[in-house]
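J.: Quick one: the structure is below, questions incoming.
Every number in this text was worked out from the coordinates using simple rules, so none of it is lab data. Fair warning: this is a prediction, and the values are worked out from it, not measured in the lab. As a convention, Cβ positions derive from the backbone with ideal geometry for all residues, glycine included, and neighbour counts pool all protein chains shown.
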């Protein structure tokens, strides 16, 4: 009789136990690293609050740079994207439910704005918000970039930079940083701060002292 391979059998038992627990919780045992997703299609790390605070400490604090020379045209968007007509349609399709298409254009569906909970079924009434606004990026260092890099920033689908939100919340936000504007939905403050820090960290943009303080406070709402 062959002697069982104890370490291997132990691993199998542990896997079966983990699978049973995952099934009970509605998780996918085949994806142990998947912690789920928040609106906007961005995966959320359960330790993101702590990690974001560490990332925040690594950002350079500096005064806002002047707006001299700024224009939205220096951040070309919306670029063509995959099977969708452009980045805007891609975000609408990603963030919406029961999305309807006419060719590559999003023509219908339903959207819930993470900033204020507003619901809409008309894609023309949905704004695509830049988490870090273009003008804020300009004041944070993007004034030194070329248009190609600014376009990559304005069309960034890999970081949590683009979200389908209500027009009223997007226009209320404008180009303000978290020390000047926060989402009306306080429940979203933790995620908003995490996303803001992720974008600024990746693109190596600066933050002001007031901005850092506001982000620190918002991360304090993470549970």
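J.: Regarding region 36-219, what's the average projected area of the Cα-atom convex hull, expressed in nm²? Let's see the in-between values first.
T.: Numbers: hull surface 40.1 nm².
The number I arrive at for region 36-219 is 10.0 nm².
J.: What FRET efficiency would be calculated for the residue pair residue 121, residue 157, taking the C-beta separation as r and a Förster radius of 30 Å, to the nearest 0.05?
T.: For residue 121 and residue 157, the calculated efficiency is 0.80.
J.: While we're on this one: Roughly speaking, what is the stretch gain from residue 202 to residue 185, that is 0.36 nm per residue apart minus the C-alpha to C-alpha distance, in nm to one decimal?
T.: Here the segment from residue 202 to residue 185 would lengthen by 3.6 nm.
J.: Please list, by residue number, everything in region 156-198 whose backbone N is under 17 Å from a paramagnetic label point 7 Å out along Cα→Cβ of residue 67.
T.: Those under the cut-off are 171-181.
J.: For the ranges 182-193, 153-164, what's the packing order if you count other beta-carbon atoms within 10 Å of each residue, average per peptide, and put the highest first?
T.: Ranking, from highest mean packing down: 153-164, 182-193.
J.: Order of 172, 201 from fewest to most other C-beta atoms within 10 Å?
T.: Details: 172 14, 201 17.
Placing the least packed residue first, the sequence is 172, 201.
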